[in-house]
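The values are calculated or read from the model by the stated rules, or taken from the named source; none is laboratory data. Remember, predicted model here, so these are calculated numbers, not experimental data. Note that we place each Cβ from the backbone using ideal geometry, even for glycine, and neighbour counts take in every protein chain shown. Quick note on the areas: whole protein, heavy atoms, side chains included, nothing else; ligands and nucleic acids left out. Shrake-Rupley method; radii C 1.70, N 1.55, O 1.52, S 1.80 Å.
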Amino acid sequence: MPLLRRLWRPAARHAPLTVPDALRRAEQRRREGRYAEASALVTRALELDRDNLHAHLLAAYLHVARHATAPAKAEFRWVLGHDANHARALIGLARVALEEGDGRACHDLLRRALRFYPDFPEAAALLDALRARDSPPPAAAPAPRVDRLRLPGTGRALIVGRADGGLIAAQPVTDEAKDVSEALARALRLAAAALQRCGLGPVHRAIIDDGRDAVFMRTDGDLVVSLALPRATDPPQGLLDVNRLWSATLHELGLAAATPPIAPPATPVSTPAIDPTRRVS
Amino acid sequence: MSGPRLKLALEHDNATRGRHVRDIVQELKRLHWVRGAMIVAADGFVIAAELPPTVAVDSLAALTATLGRELETSATRLGRPSFSTAMFSADDGTMFLAGSRIGYLVVLADQQVNVQAIRGALSDAVALIEAAWAPPGEVRPA
């Protein structure tokens, strides 16, 4: 009989749920990365108590976790409409603003959160990252003679930019080079902030692999040199190639007088006919 | 693929997924030269973490989740595939990031870590998460 009782026991989802039960279970599902199930439980909680602030906040988090920005913003705003200084809603909305490229709104929201809750590490960390982003750009660097920088044979693109995202030169020149330079700089700034928070020092090198290309980067905090190579490139090989281009770029910019002007690439160079180059700035 | 592979036998039972997430993080932490690992949701929520006590987990989670979203949204804007792994190296250590169905896997390692080994281990971990969390018939290749 105990076996039959177990078999016939009604499923948990049919049992009447209270709002705290639903939210507790939703939190548990969220901790396990089961966002769809967590969202269903939050929806149930909101059906029972449509003005439950915790449920709206949890709904916002779950929308963010599932990359649904618009409903996440609506939920965070709902929470702030009921508690204007809700720190978690402020930081949630700030992160959405940052994601949308609205640095000013992000800054204001983080400052608001920290005004009421000065000991709020996430907000402080994001504000630091944002300050680094908004720091004034260094004096304009002269454009290097990128036609003298030889890409490796497998090299797909070279971008020389400033740490604030400003494009100095690209090879080949494309319409999207400026956007790529800005995107790489934004990622480097956030990574630098994360590494600094861990006490690991300033970021010097990076590899971003998108399944098609691997972008190898070198930076000193002012200048960023990035080289896109096929994804299958061995990391030491790619880092060697970007190091060579880094030295050559510094030389072209007049920042490293002692460096040999053009070191030979670690892999065969592209032929100029296949890979036309131009200065872009 | 070179490098160590994660040795986990995932049961696809919903009730055990929380444990599986912790197992994945612990396996990553066991790799050579690795100091710690974490899985953080896209909203910055820490799903599981095994990090040195000197690391402020919440701050790191907020920054890495923001970084992960930045890499994803930039790729979308540029019409490129989303990032699979990213590595950022500093004087005293290296940080790896990988995107997955439930959030971002973060690994902190010494500077001399074998980059290819960690990238391979992260791909394995992402594949394990995909196998366990994807609805039936929706499993994507790692």
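Just a few scattered comments:
- Solvent accessible area, Å² - residue A:73, 1.4 Å probe, full protein context: 50 Å²
- Classification of region A:146-258 by its C-alpha gyration tensor yields a rounded form. The axis ratio a/c (a ≥ b ≥ c) stays under 1.5.
- Net +/- balance of residues flanking residue A:242 in space, Cβ distance below 12 Å, scoring K and R +1, D and E -1: +2
- When the residues B:60, A:53, A:80 are ordered by accessible surface, computed with a 1.4 Å probe over the protein chains alone, the sequence from largest down reads A:53, A:80, B:60.
- Theoretical FRET efficiency, 1/(1+(r/R0)^6), r = Cβ-Cβ of residue B:112 and residue A:231, R0 30 Å, to 0.05: 0.80
- A probe of 1.4 angstrom, applied to the heavy atoms of all protein chains, finds residue B:31 with accessible area near 20 square angstrom.
- Residues in region A:81-111 occluded by at least 30 Å² - accessible area, probe radius 1.4 Å, against chain by itself: A:95, A:99
- Taken across both chains, chains A and B shield about 4500 Å² of accessible surface from a 1.4 Å probe.
- Threshold 20 Å², region B:86-119 residues less accessible with all protein chains present than alone (1.4 Å probe): B:87, B:88, B:89, B:90, B:91, B:92, B:95, B:102, B:108, B:115, B:116, B:119
- By accessible area, using a 1.4 Å probe on protein heavy atoms only, region A:19-134 has 48% of its surface on carbon and sulfur.
- Counting only heavy atoms of the protein chains and using a 1.4 Å probe, residue A:83 has close to 60 Å² of accessible surface.
- Three-way shape label, region A:19-134, alpha-carbon gyration tensor, a/c 1.5: prolate
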